[in-house]
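Accompanying notes for the structure given below.
The values are calculated or read from the model by the stated rules, or taken from the named source; none is laboratory data. From a predicted model like this one, the values you see are computed outputs, not experimental measurements. FYI the Cβ positions are ideal-geometry reconstructions off the backbone, even for glycines, and counts take in every protein chain you see.
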Amino acid sequence: MKFYQPLVLACGLALWGCSPSQQAVEPADVSTFELTVAHINDHHSHLQPTQNIELMLDGEVITTEVGGFARVAEKIAEIRAANPDTLALHAGDAVTGTLFYTLYEGAADAALMNHVCFDAFELGNHEFDNGDTGLAKFLDYLATGPCETLVLGANVEPEVTVSPLTPKTRWDSFKPYSIFQFGQQQVGLIGLDIAVKTKNSSQPDATTMFADELETAAYYIAELQAQGIEKIGLLTHIQYANDIRLAKALPAVDFIIGGDSHTLLGDFSEYGLPSEGPYPTEVTNADGERVCIAQAWEYAKVVGELKVEFAGDAVQRCGGQPHLLLSEATPAALLQQDGLGAVAEDTTAKNLIADYQQQLDVLTQQVIAEVPERLCLKRMGPSTIAGCGLGRQSDAHSVVAQAFLQSAPQADFALQNGGGVRAEIAAGQFTIADAYRLLPFANTLVEVEITGAELQTVINQAVDYALSESGSDGAFPHGAGIQFDVNLQAQPGSRISNIQVWQQQAWQPLQAEQRYIMVTNSFLAGGNDGWQLLKQLNEQGRITDTYVNYAQSFVDWLRAQGEISRPEFHSTRTFIGQ
């Protein structure tokens, strides 16, 4: 494992980032000091508010609008104005997830982040979705203007002179840590990205490596302590459970601001939201001292406000709250509840988003592929339309599955339900708007760790559900990198057989005990459409959400292809109807 000394120590002002030329100041013996941290994570290019979110109040469903970057900007400005010693932090995965990234390649996200002016930003796994070159472009956008947000990534190791991130030195594009100055108080902040997931599930350059998170943190904690820095935080993109694990294993850590797991902390369960723990979560570090851990859900819906009260260099108290960014149009009965309240939209940010949205509305008419001949859609069974090729399985589902498989580098095959694809693909020019009509839902791609025997079970569950009285043929499976025979006259549980997976450039029989990686959509991951076993696998922690919108993955694939041809094969090899 390699470690490198930073070229500079990044020392910062309380509100507006840092000036690397400042000299470190010896901390004074101050009895108490309260640090406020305003933070978000995993906004995934969700710049507009989330519409029609359902909240519960006294058993009644209340639908309202939540979040959006204009409310993020407003809330962080409020927190800064009310608290003199504040850090504004972003814990990674700023990009990938909506057309704002697909079409602007990070420029829109960077513009809004620069308006907020975060003090530090940690690299997330999705920052590497378009390779080191794509990340370098986004960081160039982020460096535009006077904000100078520090970019952190202590365990990210692009090859020097090879990666565009490191043309000259290891720390050309980001730093391992920064030191922020608040009067006589110094706070060190180390950045960590999730190593294995980024390397295997995103698309960094082949020569870019990711060091172990625990070992990296321990190294730089020791380096900070050698400089007399004892108030130390981690800005991580490694998941909530790993934040807790690192906090317990490391010395000297005082607080962790995390991301990647999209964890909602705080007392929101009574409103029907998936709260997973207290805000902040408190654990004890390797020195036996308190650590404050916080995360702020996803998609710019929450701004966290963490309060870390120090007595000397030890944390005396963890406090603060997560702010759910409710629209001012939310019914008053909900806004009057403890811990809830409306947040106005920052005018400058709102106008900036509107400008990008207006351009986006034009760009969605952009032609991204040519379609030589019509690709018809059939939820289950062979086509009966002459223009589609009589007897062919659904071409529209097949090409969608191909796109899914290409979007998940470590997946062995892709499966998609018939109801998830909503339109055929007409001959002629295909636009981005067409892609979103084809795939109109708010689904993301998920990776499922599944055995051959479990796969056999779940796709038979899907077909059985499709044939049941209360079911739908929208449950029928379509895939890429996988083939099978279908016999609707067979007994339930055995209607799909002779499953094969494309591996090592050949079709290989499915092995019952072998574990595969399947990519599918988040709707099925919940056990919907009769795919019941997937819900159990999800509960066992064997499903990982990539947070890539499934329509976006199709758009990205088409832009690379330039043409949508009729597929050479379909996942349904033979089909016997009822």
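Is one or more of the residues making up region 307-318 of a type in the set (Gly, Ala, Ser) and either crowded, with 21+ Cβ neighbours inside 10 Å or in contact with a Phe, Trp or Tyr (Cβ under 7 Å, 6 or more places away or on another chain) (or both)?
no
Looking at Ala512, Ala560, which is the one that is over 20 Å from the mean Cα position of the chain (by Cα), aliphatic (A, V, I, L, M) and at pLDDT below 95?
Criteria check complete, one pass: Ala560.
Within region 376-414, take every residue that is more than 17 Å from Gln552 (Cα to Cα) and outside any loop (DSSP other than H, G, I, E, B) and give me the one that is farthest from the chain's Cα centre (by Cα).
Among those residues, the one meeting the criterion is Ala386.
Out of Lys168, Lys197, which single residue is basic (Lys, Arg) and either outside any loop (DSSP other than H, G, I, E, B) or surrounded by 19 or more Cβ atoms within 10 Å (Cβ to Cβ) (or both)?
Lys197
Quick one: count up the residues across region 171-187 that are surrounded by fewer than 17 Cβ atoms within 10 Å (Cβ to Cβ) and of a type in the set (S, T, N, Q).
Within region 171-187, residues that are surrounded by fewer than 17 Cβ atoms within 10 Å (Cβ to Cβ) and of a type in the set (S, T, N, Q) number 1.
Only one of these is small (Gly, Ala, Ser) and touching a Phe, Trp or Tyr at 6+ places or on another chain (Cβ under 8 Å): Ala490, Ala506, Ala512, Ala466. Name it.
Ala466
Among the candidates Leu324, Leu273, single out the residue that is closer than 29 Å to Val548 by Cα and touching a Lys or Arg at 6+ places or on another chain (Cβ under 8 Å).
The unique qualifying residue is Leu324.
Grab the strands (runs of 3 or more DSSP E) fully contained in region 253-352, keeping just those with 1 or more residues being under 19 Å from the mean Cα position of the chain (by Cα).
253-257, 290-294, 302-311, 314-324
Those residues that are over 26 Å from Gly304 (Cβ atoms) and either out of contact with any helix residue (DSSP H, G or I) (no Cβ under 8 Å at 6 or more places or on another chain) or assigned to a helix (DSSP H, G or I) (or both), I need them from region 353-371; list them, please.
Within region 353-371, Ala354, Asp355, Gln357, Gln358, Gln359, Leu360, Asp361, Val362, Leu363, Val367, Glu370, Val371 meet the criteria.
Starting from region 211-233, keep only residues that are within 20 Å of Glu157 (Cβ to Cβ), then list their pairs with residues that are among the aromatic types (Phe, Trp, Tyr) whose Cβ atoms are within a distance under 7 Å, requiring at least 6 positions of separation or different chains.
Partner pairs satisfying both residue conditions: Tyr219/Phe3; Tyr220/Tyr177; Leu224/Tyr177.
Each row is one residue, and each column tells you yes or no for (1) in contact (Cβ under 8 Å) with a residue 40 or more places away in the chain; (2) of a type in the set (D, E, K, R); (3) in contact with a helix residue (DSSP H, G or I) (Cβ under 7 Å, 6 or more places away or on another chain).
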| site | (1), (2), (3) |
| --- | --- |
| Gly526 | no, no, yes |
| Leu534 | yes, no, yes |
| Gln540 | no, no, no |
| Ile543 | yes, no, yes |
| Ser553 | yes, no, yes |
| Ile564 | yes, no, yes |
| Pro567 | yes, no, yes |
| His570 | yes, no, yes |
| Thr574 | yes, no, no |
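With respect to Gly530, determine if the residue is modelled with pLDDT under 95 and surrounded by 15 or more Cβ atoms within 10 Å (Cβ to Cβ).
yes
Within region 233-245, work out how many residues are buried (at least 22 other Cβ atoms within 10 Å of the Cβ) and either within 21 Å of the chain's Cα centre (by Cα) or among the basic types (Lys, Arg) (or both).
Residues meeting the conditions: 7.
Checking the condition of a type in the set (Asp, Glu), in the same structural domain as Gly59 (by TED's automatic domain parsing) and surrounded by 22 or more Cβ atoms within 10 Å (Cβ to Cβ), which residue from Asp346, Asp338 passes?
Asp346
If I ask for residues that are out of contact with any strand residue (DSSP E or B) (no Cβ under 6 Å at 6 or more places or on another chain), crowded, with 21+ Cβ neighbours inside 10 Å and either modelled with pLDDT under 90 or not in a loop (DSSP other than H, G, I, E, B) (or both), which ones from region 13-55 would you list?
Residue satisfying the conditions is Gly17 alone.
Looking only at region 389-425, which residues are small (Gly, Ala, Ser) and either under 27 Å from His46 (Cα atoms) or not assigned by TED's automatic domain parsing to the domain that holds Thr572 (or both)?
Ala401, Ala403, Ser407, Ala408, Ala411, Ala414, Gly419, Gly420, Ala423, listed by residue number.
Can you confirm whether His397 is under 30 Å from Val463 (Cα atoms), in contact with a helix residue (DSSP H, G or I) (Cβ under 7 Å, 6 or more places away or on another chain) and surrounded by 19 or more Cβ atoms within 10 Å (Cβ to Cβ)?
Here the answer is yes, as His397 does meet what is asked.
Taking the condition farther than 18 Å from Ala480 by Cα, out of contact with any strand residue (DSSP E or B) (no Cβ under 6 Å at 6 or more places or on another chain) and buried (at least 23 other Cβ atoms within 10 Å of the Cβ), does Ala386 pass?
Against the criterion (farther than 18 Å from Ala480 by Cα, out of contact with any strand residue (DSSP E or B) (no Cβ under 6 Å at 6 or more places or on another chain) and buried (at least 23 other Cβ atoms within 10 Å of the Cβ)), Ala386 does not qualify.
I'd like the full set of residues that are of a type in the set (Gly, Ala, Ser), surrounded by fewer than 18 Cβ atoms within 10 Å (Cβ to Cβ) and either in contact (Cβ under 8 Å) with a residue 24 or more places away in the chain or in contact with a His (Cβ under 7 Å, 6 or more places away or on another chain) (or both), limited to region 249-284.
Hits for region 249-284 are Ala249, Gly272, Gly277.
Here's the yes/no breakdown for (1) on the phi < 0 side of the Ramachandran plot; (2) buried (at least 24 other Cβ atoms within 10 Å of the Cβ); (3) modelled with pLDDT under 90; (4) of a type outside the set (S, T, N, Q):
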{"residue": "Ala403", "(1), (2), (3), (4)": "yes, yes, no, yes"}
{"residue": "Pro409", "(1), (2), (3), (4)": "yes, no, yes, yes"}
{"residue": "Ala414", "(1), (2), (3), (4)": "yes, yes, no, yes"}
{"residue": "Thr431", "(1), (2), (3), (4)": "yes, no, no, no"}
{"residue": "Glu449", "(1), (2), (3), (4)": "yes, no, no, yes"}
{"residue": "Glu454", "(1), (2), (3), (4)": "yes, no, no, yes"}
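Residues that are in the same structural domain as Ile40 (by TED's automatic domain parsing), surrounded by 22 or more Cβ atoms within 10 Å (Cβ to Cβ) and in contact with a Phe, Trp or Tyr (Cβ under 6 Å, 6 or more places away or on another chain), at least 3 per element: which helices (runs of 4 or more DSSP H) completely within region 72-165 meet that?
Filter on region 72-165 gives 107-116.
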